[in-house]
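What follows is a set of notes on a single structure, which appears directly below.
The values are calculated or read from the model by the stated rules, or taken from the named source; none is laboratory data. None of the values given here were measured: they were computed from a predicted structure. Using ideal geometry, Cβ is built from the backbone for each residue, glycine included, and neighbour counts are taken over all protein chains shown. Heavy atoms of the whole protein, side chains included, go into the accessibility calculation; ligands, DNA and RNA do not. Shrake-Rupley method; radii C 1.70, N 1.55, O 1.52, S 1.80 Å.
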4 protein chains.
Amino acid sequence: MSIRVGIVGISGFGGGEAMRLIASHPFFELVYAAGDGSAGSRLGDRFPGVPAKLTELVIEQWDPMTLPRLDLLFASLPTGTSAEALARVPGAVKIVDVGGDHRYVEGWAYGLADVWPSQIEGHTRVANPGCFPAATLTALAPLLASKLIEPGNIVVDAKTGISGAGRGGADSRFGYAESNENLLPYGLLKHVHMPEMAKTIGRLNGGSAAGLVFTPHLVPMTRGVLATIYCRGRATTGQCLDAARHFYAGRAFVRVTEKPPQTKWATGSNLAFVSYAADPERNLVIAMGVVDNLGKGAAGQAVQNANLMCGLPETTGLDGLPVWP
Amino acid sequence: MSIRVGIVGISGFGGGEAMRLIASHPFFELVYAAGDGSAGSRLGDRFPGVPAKLTELVIEQWDPMTLPRLDLLFASLPTGTSAEALARVPGAVKIVDVGGDHRYVEGWAYGLADVWPSQIEGHTRVANPGCFPAATLTALAPLLASKLIEPGNIVVDAKTGISGAGRGGADSRFGYAESNENLLPYGLLKHVHMPEMAKTIGRLNGGSAAGLVFTPHLVPMTRGVLATIYCRGRATTGQCLDAARHFYAGRAFVRVTEKPPQTKWATGSNLAFVSYAADPERNLVIAMGVVDNLGKGAAGQAVQNANLMCGLPETTGLDGLPVWP
Amino acid sequence: MSIRVGIVGISGFGGGEAMRLIASHPFFELVYAAGDGSAGSRLGDRFPGVPAKLTELVIEQWDPMTLPRLDLLFASLPTGTSAEALARVPGAVKIVDVGGDHRYVEGWAYGLADVWPSQIEGHTRVANPGCFPAATLTALAPLLASKLIEPGNIVVDAKTGISGAGRGGADSRFGYAESNENLLPYGLLKHVHMPEMAKTIGRLNGGSAAGLVFTPHLVPMTRGVLATIYCRGRATTGQCLDAARHFYAGRAFVRVTEKPPQTKWATGSNLAFVSYAADPERNLVIAMGVVDNLGKGAAGQAVQNANLMCGLPETTGLDGLPVWP
Amino acid sequence: MSIRVGIVGISGFGGGEAMRLIASHPFFELVYAAGDGSAGSRLGDRFPGVPAKLTELVIEQWDPMTLPRLDLLFASLPTGTSAEALARVPGAVKIVDVGGDHRYVEGWAYGLADVWPSQIEGHTRVANPGCFPAATLTALAPLLASKLIEPGNIVVDAKTGISGAGRGGADSRFGYAESNENLLPYGLLKHVHMPEMAKTIGRLNGGSAAGLVFTPHLVPMTRGVLATIYCRGRATTGQCLDAARHFYAGRAFVRVTEKPPQTKWATGSNLAFVSYAADPERNLVIAMGVVDNLGKGAAGQAVQNANLMCGLPETTGLDGLPVWP
């Protein structure tokens, strides 16, 4: 079986990571790639490490009216451009939107694959969660579902490697010398990931995510997301760990650990690591979630979703271990 | 005037940074250095960049009974060893303990120099704050003093470069390949810096710091501390900024900024940067504080305290700008 | 078919990388792991990202007299310890020594798999090249074989990420704060990799590698090796590129590029990139070779050699693309 | 005494570093700053760490016809723009051109201050050496002057941190995610620094620098330059070290070390470290030179030159120790 796959947004880091995973997927065959800044060049010129079978693939200018025959499309486009770009893709083509434009939009399933795989299986339109939500919601889901924590007044302090900020291009905020050896908070009080997190918290728990606080930080490393989440609840550490082990029993990609998770445990993989530290006397539960922002935070989860959409085992093509050190 | 200075703990990063600052201080003259792992070697062998006047200084084995004549001593010793090591230092020798053993111990002033300089002036025994408290308390002090925030239920999410974890030596947790490109939380629910932060919060505000939460994280960079602090309060961002500008008016080392602070703004200096983002409707004030963990988090603050103790302008020898990029 | 595989030296970075590749190899089954510092612990405790099938594997203390039934063994031991440790392994067990002790020892094939695959096919004892030789010899082989350069007076200026220096442990030379943002040369005039490079140069060319100079440098990154090699020869750039394309035609892992190679093109893979820049008027050919020191510089090449030894296609289990960015 | 100083090119890393040094210089007073991208903004907005005395300085658009009264000007402009920009500066204003346009141009002294200070003293037009030449020539000068090495066929393999490549802006080659954890050679066979190195070699030795080879590399760190230089000569290591100690006797900024130099020994300072490893039997001398590319590779050396031009001790304002770790 060969599933004909396209990627639009191949020049971005998410598109490139999708390409890496698809290239060694046993059933996905990359037959189409489109990107803004690189249209006209060979894939082998953009990515010197692609196998021979892909080096001659020419990167196209995106035009939904002139697509080749595709079964599946990954879209990794700048925020705000995805809705229009994908609107005219034939309905028979399955789409995973790695960007944010279709999250919680009618007709699109929210692709939190380790939590709601049944909602994704067989679907044709899936919106991939953002990288921060992937880390945060994976850690919180068990506690919310079993009501070990309150859904309100959750404080998420999140940290990301700089590839999570996109292919900066002319933005010298991400120039190497400016960004190296530097840590900073950004997007205070108003980050774009908050609505999807609030909605998902509500879906998982039934209650309201009122008072949700989210503060992202840029960290001087390429990949990795860690969310340190402060919640109200009278659970013990053991109860939280047990709830998570139970919730994710049989799920291939979520690891529950007693030690606090490190971002490098996930690098290069589709794994998520979650852990908890609670102090019932203080009505405090600290939840921690780690993903690779390009893995389960983007392309890894996208391929997992695509596997579910195509009726394949969700681990197909995703069994690579994290790259460590 | 020449003030005869010694450093014990010269092998640690804090001791080395103190040496750097003292070497270009107009009045401090380094005449004595002691360190465990390096006793017997020349300072010039340990630190290839020291000026000619210091290359031949031999590093001694610490022995308080055989000290040369000193006016001032900086102690940068491993936690738990400082009390005994310093107990027999002659009372005429001024001591700044950069380590934690004498914080809030009777007879020792707590060296938060930008907040309580008058308590340090002329004192002979000063306990330098820890690096996390330096960043956290500098940001919180104006809000606590003017009661713009509640002293209770403060959540401190702190991030530090790896030199803040000490000269690891045999601890392969800080081996380069393990630590590079990696971020992790540690010391959850029980970090050693909590008592001094809780006490200082109480001193600044009068109220109780009950419910204080503190979570440190190791960040893959050499220097820098950022504390992102979630507080309860109905102040506006403008009120917080004004309170801070007023509180620190005339203080040379604290900068109040509208933009979120970046750790690299402080690197190599004794500066602290603070900022605020508030949402009164949600009873939320986010305070942010940045220092160089070896600067205002250790040696920089120690030299500032020493200046005050010696009756010098507090900026003496500390006017170097941050090293950027 | 299942080939029963063991790894001795699982605690080192090379052993860990071998484990990563074996875990997703279609035919290799890891049934035995031994390591010094970690004997007694579960593999899942040492490597949080291993799949469920491997988490319970207990790491043994190495004892060649009590091995389980193995078909294949990867040895990644400290220099000088391998000969004795492997001497009593049953002859029927195929061994790839990733360390240096058996290079150019009688009875062991030198595992430069992209150059002499036929010498490795079906062999039972293979000595993996060192990481610097892997990068250097892969770049030089075409020029030496077609005599485009002289074999003598070659100057190799090599650069490696710090995981190439081994799991430093107590060696604070590789402590994060000391090593970060730092570059230095080491092992001048006498590096242990020189004999195998000199011998291989002689084998490839027939002439003598007299006057070989090799200078390694430590670079502040985790993975990656680049060798910049200055040779004498009157070839043009085009002739060198053509010779390399011809020499490596059909070889899956060596990429010949016109642009100078970047170490990150190879990271996480078994690829090698080579390029050339020549100035015939000056009798100068600059050859450049890049590998991931843990990939083709160690475990990747070891798995490739093992594939050849076992009669498998050499690319089996090695088709993962480089992890970029 | 107050010397009125201006900087044109304040937005570049070299201009910013010059500003840092001038701000704590006892006699230099920054009264004028001009920069392309930042004209109209306050210095305190561009550089959050500047002292109060400088925060309100407005960055001007460069116009040599409307300069305030200046005694000294540092120019740190993009290559190729300096000659025209500086042509109409009044002759009474001393100029140090940190960029490359005036090196070895008639009427301009070549500012290799540790080698030819007398040629700079009292001069009004000084061209600062490039960062690679600073490291390379400082290491080679003693050997060339005492003819311990041949001036011909010198091979320079140089490595630089990324701030040495300028403030990349729109050049995504220096985007963080692309550049981090990556090493690459560039500018092979034709780098712009070669003419000044060849000329200087000739001046130091009398012979010809024919056959000079120079290969720079980008290293994933912010600051630091190391040149590893392969020369022909029958000297011993001891002879080279002695020649260098003698050549630089009394020079404040050059340190001769037996151990190979590390770039971080110089970071944040105007120091240069040189060392040697020779093998007389093979007619090989390896010279090594380290500087901070923004220190002695640019602004540090510029301030040292300015001190000489103004008749001040050359160490004025340059006694800060390297910032380590």
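Residues that are touching a Ser or Thr at 6+ places or on another chain (Cβ under 9 Å) and not assigned by TED's automatic domain parsing to the domain that holds residue D:268 occur at least once in the range D:113-126. Annotation: residue D:304 fulfils all but one of (1) at pLDDT below 95; (2) not in a loop (DSSP other than H, G, I, E, B); (3) not charged (D, E, K, R); the unmet one is (1).
Residues that are crowded, with 24+ Cβ neighbours inside 10 Å and over 17 Å from the mean Cα position of the chain (by Cα) occur at least once in the range D:134-142.
The single condition among (1) in the same structural domain as residue B:247 (by TED's automatic domain parsing); (2) open to solvent by 30 Å² or more (accessible area, probe 1.4 Å); (3) farther than 30 Å from residue A:225 by Cβ that residue B:108 does not satisfy is (1).
Could you list all residues from the range D:156-168 that are among the hydrophobic types (A, V, I, L, M, F, W, C) and open to solvent by 20 Å² or more (accessible area, probe 1.4 Å)? Within the range D:156-168, just D:165 meets the criteria.
Within the range B:276-293, the set of residues being at the interface with chain A (Cβ under 9 Å from one of its Cβ atoms) and within 18 Å of residue A:159 (Cβ to Cβ) comprises B:277, B:286, B:288, B:290. Exactly one residue out of D:251, D:234, D:255, D:245 is more than 9 Å from chain C (Cβ to nearest Cβ) and crowded, with 19+ Cβ neighbours inside 10 Å, and it is D:255.
Taking the criterion of being in contact (Cβ under 8 Å) with a residue 24 or more places away in the chain, surrounded by 22 or more Cβ atoms within 10 Å (Cβ to Cβ), within 14 Å of chain D (Cβ to nearest Cβ) and among the β-branched types (Val, Ile, Thr), would at least one residue in the range C:200-220 satisfy it? Yes, the range C:200-220 contains at least one residue that is in contact (Cβ under 8 Å) with a residue 24 or more places away in the chain, surrounded by 22 or more Cβ atoms within 10 Å (Cβ to Cβ), within 14 Å of chain D (Cβ to nearest Cβ) and among the β-branched types (Val, Ile, Thr).
A single member of D:196, D:178, D:150 is crowded, with 18+ Cβ neighbours inside 10 Å and without any contact (Cβ under 8 Å) to a residue 12 or more places away in the chain, and it is D:178. Counting the residues of the range D:77-97 that are among the hydrophobic types (A, V, I, L, M, F, W, C) and open to solvent by 20 Å² or more (accessible area, probe 1.4 Å) gives 4.
Just one of the numbered conditions (1) more than 14 Å from every other protein chain (Cβ to nearest Cβ); (2) among the polar types (S, T, N, Q); (3) in contact with a strand residue (DSSP E or B) (Cβ under 9 Å, 6 or more places away or on another chain) is not true of residue C:81: (3). Of all residues in the range B:1-37, those satisfying the criterion of being within 14 Å of chain D (Cβ to nearest Cβ), more than 19 Å from residue B:55 (Cβ to Cβ) and crowded, with 21+ Cβ neighbours inside 10 Å are B:12, B:13, B:14. Selection over the range B:181-191 of residues that are over 17 Å from residue A:278 (Cβ atoms) and open to solvent by 20 Å² or more (accessible area, probe 1.4 Å) gives a count of 2. It is to be established whether one or more residues within the range C:43-60 are outside the structural domain of residue C:223 (by TED's automatic domain parsing), more than 25 Å from residue A:264 (Cα to Cα) and open to solvent by 10 Å² or more (accessible area, probe 1.4 Å). Yes: one or more hits. Among the residues of the range B:297-308, are any over 15 Å from the mean Cα position of the chain (by Cα) and open to solvent by 10 Å² or more (accessible area, probe 1.4 Å)? Yes, the range B:297-308 contains a residue that is over 15 Å from the mean Cα position of the chain (by Cα) and open to solvent by 10 Å² or more (accessible area, probe 1.4 Å).
Take residue D:66 and decide whether it is of a type in the set (Ser, Thr, Tyr), surrounded by fewer than 20 Cβ atoms within 10 Å (Cβ to Cβ) and either over 15 Å from the mean Cα position of the chain (by Cα) or modelled with pLDDT of 95 or more (or both). Yes.
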